[in-house]
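Derivation of every value follows stated rules applied to the coordinates shown; laboratory data play no part. Computed from a predicted model, the values in this text were never measured in an experiment. FYI the Cβ positions are ideal-geometry reconstructions off the backbone, even for glycines, and counts take in every protein chain you see.
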């Protein structure tokens, strides 16, 4: 059976997991979804690790929210290094959805970015789990974006 | 028996461990608390490691204090990478409470941030140890903050 | 049989893999090429890991595209640490082709940088796989550049 | 028998090891001290590793000196990550004494900082080796500083 | 038999390996020198790894050249973390000679820095390999510099 882990935080100001789970349930209905909620982004890697190794998940999607300060960005960097090392150790995908509080001018924008990014990356995860390493090759170099409109390829 | 590790530093200007321990004792009275005090934040990961592996702790809370300089922030980054790698290796939570000396305008504020952050994260730790991966899911996306008032979700 | 992995992203705005694959096919026709497309640069290390370990590739070329923001640069740093650790673990080359969206004044330039860098690094990879550790020694200290004209040695 | 490693550099402008060794000899006379001198801070982690693993040291004190440039600070960060990972791997303390060339206005100050920091951290090391994890707990949250006067707790 | 690895790049604008090899041949004539040339600094760690583990080198000297941009400095940081982790894993020295393109006012200076740094660090490597952990202790705290004149100790 396919198991997908979903990690999110209480720090986040949007319940992104709800949108990610909707997409997974619709596109990968045979999967069992296992959720893990932690306080903040620095707690995400251990939750992902427990889902991948202890719970046997095939892949994990993580939904993080990062403050605007320099120190918050260092926390983001530390989390990213951790998630990448975890993926190297396990050979399994951890698709990381991160929203930075300072990437939008107002809260409505930020909300929409968060929902769109969670949804699109959940679909990326489903594609990789379902169809493997060439599932996204048709979109290679196409300038896809999550949370914003696609930029498209420089030359068609 | 449940064992909880508490790591703090002599560099800190607030005895945050006292408040963390109070919360743990009140909410997880059956736990044995094992304390480890080190000079500064770069010494925290090895202390957490010894508590998790040598002392068999189920989880650890660390209480760090970071100076205002750029170099202090790099030390914070190094500590964060270390704590995240340790959690990935052990599969156990290390809840990190960090106070940055430059995050408040005056010392009273800083003191209150430190106490509030230590208390709230100690409760996070208890929740995770006691009730597991969905203990905090009711607060997912709720914009909780430690050391400051909650920001709340962007949309209810 | 020689197996070469090619990892690219849907975030990229140029299909760099096409150019890299052309060069590999022309200069290492006996190689099997295995492609893996991921959403963005932070997903590259796990794809490279799977190609090197699970698919048995002898070497991998990765083709990443990095946004202009500070946070994008931290993602680049995390990816770079991951790819370097992966190479240390496996003892195999992962030649990393990265294009930064802010390294050119206009999109035509950026396109040309991407194509040139992908081609030249694909040839570097072929040389290292085919002829080993002294294949590039004739060019040591020669100020070669990928994506831009060579700078040449300071003194001939 | 207790073995303490001391790592220092030829880059440093103060012979900090001399002061650290004096403190160790006075306060832990039963210890064998093993010294290792390397060129610069990026060579410190491997020396500490050899002392901890190959020579069987119980703990190590490292004495580094960092230049004023941004690149020097990145070297400091890399060294810090390395020392923290080494401590996590071995479960042994590596007390790091670092002096930054730009942290004082004149050379006399810098000299005094270096000597004071080396001495105080040597004593920290002795305390941890001799009396264990609660040796410093009496000073937890007391705002101790090395290289400068203690700042003290915010509230007594 | 003693084996010394030498890693350099085609990105460099000075053939630093030539000068490093001269020094090694003169001062450690019994050593076999094994050279490995890679495109740029991010390829250095895997080359050093292959020399240390696959070729059985006793130590390695690496000769890197770093561009002036912020992204180049992050690549330097990633390489540094990698080389430090490699040394921790193997217990062998990797003496890193890095020249930053922006550390000199003109190309002549830069050339001289590169040659001097390569030569002096090659000698450091020879000393450590030949005489071990106290070979450089006579210079501890003496403010030695590579690429520039020594600064000397603050107090004689």
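So what is the 222 nm mean residue ellipticity for chain C from helices alone, if each DSSP H run of at least 4 adds -39500 (n - 2.57) and you divide by all residues, rounding to the nearest 500 deg cm²/dmol?
Numbers: 4 runs with 64 residues, N = 156.
Computed ellipticity for chain C at 222 nm equals -13500 deg cm²/dmol.
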request  = For residue D:155 paired with residue B:138, estimate the spin-label separation in nm (one decimal), with each label point 7 Å from Cα along the Cα-to-Cβ line.
outcome  = 3.0
query = Given the protein assembly as shown, what percent of its DSSP beta bridges are antiparallel, to the nearest 5?
reply = 0
task = Considering Cα pairs under 8 angstrom that are at least six residues apart, work out the relative contact order of chain C and quote it in whole percent.
result = 24
inquiry  = Nearest the rotation axis from E to A, which residue of chain E has its beta carbon, and at what whole-angstrom distance?
reply    = E:81, 5
key: Inter-copy spacing of residue E:25 label points, which lie 7 Å from Cα along Cα→Cβ, given in nm from shortest upward   = 4.5, 4.5, 7.2, 7.2
message = Between segment E:48-121 and segment C:66-80, how far is it from one alpha carbon centroid to the other, in angstrom?
response = 22
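Can you tell me what the convex hull of the Cα atoms of segment A:1-48 projects to on average, as an area in nm²? All intermediate terms of the calculation are to be shown ahead of the outcome.
Working: hull surface 13.0 nm².
That works out to 3.3 nm².
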Antiparallel DSSP beta bridges within segment D:3-139, percent to nearest 5 = 0
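Return the ratio Rg/(2.2 N^0.38 Å) for segment D:3-139, where Rg is computed over Cα atoms only.
Details: Rg = 14.3 Å, N = 137, 2.2 N^0.38 = 14.3 Å.
Normalised by 2.2 N^0.38 Å, the Cα Rg of segment D:3-139 equals 1.00.
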query = Say a label goes 7 Å from Cα toward Cβ at residue E:107 in every copy; what distances in nm does this one have to the rest, shortest first?
reply = 3.6, 3.6, 5.8, 5.8
query = If R0 is 35 Å, what FRET efficiency do you get for residue B:55 and residue A:70 from their C-beta distance, rounded to 0.05?
reply = 0.50
Listed residues E:136, E:52, E:83, most fluctuating in chain E (Gaussian network, C-alpha, under 10 Å) = E:136
message = 7 Å from Cα along Cα→Cβ at both residue E:130 and residue A:102: what's the point-to-point distance in nm?
response = 5.2
query = Quick one: label points 7 angstrom along Cα→Cβ at residue D:132, distances to the other copies in nm, smallest first?
reply = 3.4, 3.4, 5.5, 5.5
key: Average other protein chain Cβ within 10 Å of Cβ, residues C:10-23   = 5
Inter-site label distance for residue E:109 and residue A:112 at 7 Å from Cα along Cβ, in nm = 5.1
request  = Please find, in a Gaussian network model of chain A (springs between Cα atoms separated by less than 10 Å), the residue of A:67, A:105, A:91 whose mean-square fluctuation is greatest.
outcome  = A:105
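Looking at the protein assembly as shown, what % of the alpha carbon pairs are farther apart than 52 Å? Please report the intermediate quantities before stating the final value.
Working: 31738 of 303810 pairs.
The answer is 10 percent, as a whole percent.
Using only atoms on other chains, find how many Cβ atoms lie within 10 Å of each Cβ of peptide A:67-73 and report the average.
Details: counts 2, 0, 3, 4, 10, 1, 6.
Rounded to a whole number, the mean comes out at 4.
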message = If R₀ is 35 angstrom, what is the calculated FRET efficiency for the pair residue E:148 and residue D:22, using the beta carbon separation as r and rounding to 0.05?
response = 0.65
query = Over the alpha carbons of segment D:55-105, what is the largest minus smallest coordinate on each principal axis, giving the biggest first in Å?
reply = 38, 18, 14
